[in-house]
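For reference, the structure discussed in these notes is given below.
Please treat every number below as a calculation from the coordinates, not as lab data. Keep in mind the model is a prediction, meaning the values are calculated, not measured. Heads up, the Cβs are rebuilt from the backbone with ideal geometry, glycines too, and the neighbour counts pull from every protein chain shown.
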Amino acid sequence: TTLVSNERARPAVLAITVMGAMFMAISLYLDLGRPTSTGWLLAGLMLVLAAGATFEAALRAAREARLGFAFSGIEPARIVTRGPYRLVRHPLYASYTLFWLGCLAVSLHPVLFAIFAALVGIYIAAAIGEERQLSSVPEYAAYRARSAMIVPFVL
């Protein structure tokens, strides 16, 4: 999913944005005065860097596909199978998941685990909806059989 404006997508995009902002605010609030180990900080940093690299690679690979926002109902002009799309069908959702996982690694607070789980649930719901739209495209079945949804070799 990339940046294409659509009225149907706005509530979902707003919900994801608000949850992300809550995640960051709660993370900062809960961690005041509490030291985080260097190992968790490094793990969080590596995950956030991997998220950025995955996001950038996915945008480059999908530049001409004209993908829509999550829940927008816009069918892409074509299926993208290069770059990170070779391994996962939804690398942008994978990058978001990596980013929030990196933020969670820094805090490890139970409230943030719940918010993280809700965000991942939203990404999976969006991916399932997009895949339903693409199920009528003949080459999509073969692509789906050889790639993971969000996490390479797992989901």
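Roughly speaking, what is the stretch gain from Ala50 to Ala145, that is 0.36 nm per residue apart minus the C-alpha to C-alpha distance, in nm to one decimal? List each step's numbers first, then the result.
Details: separation 95, 0.36 × 95 = 34.20 nm, distance 2.50 nm.
Value of the extension gain: 31.7 nm.
What distance in nm separates the two pseudo spin-label positions at Arg60 and Ser135, each 7 Å out from Cα along the beta-carbon direction?
3.5 nm
Taking a ≥ b ≥ c as the square roots of the eigenvalues of the Cα gyration tensor of segment 80-155, is the shape rounded (a/c under 1.5), prolate (a/b larger than b/c) or oblate? Each step should come with its number before you reach the end.
Values: a/c = 3.35, a/b = 2.07, b/c = 1.62.
Judged from the Cα gyration tensor, segment 80-155 comes out prolate (a/c at least 1.5, a/b above b/c).
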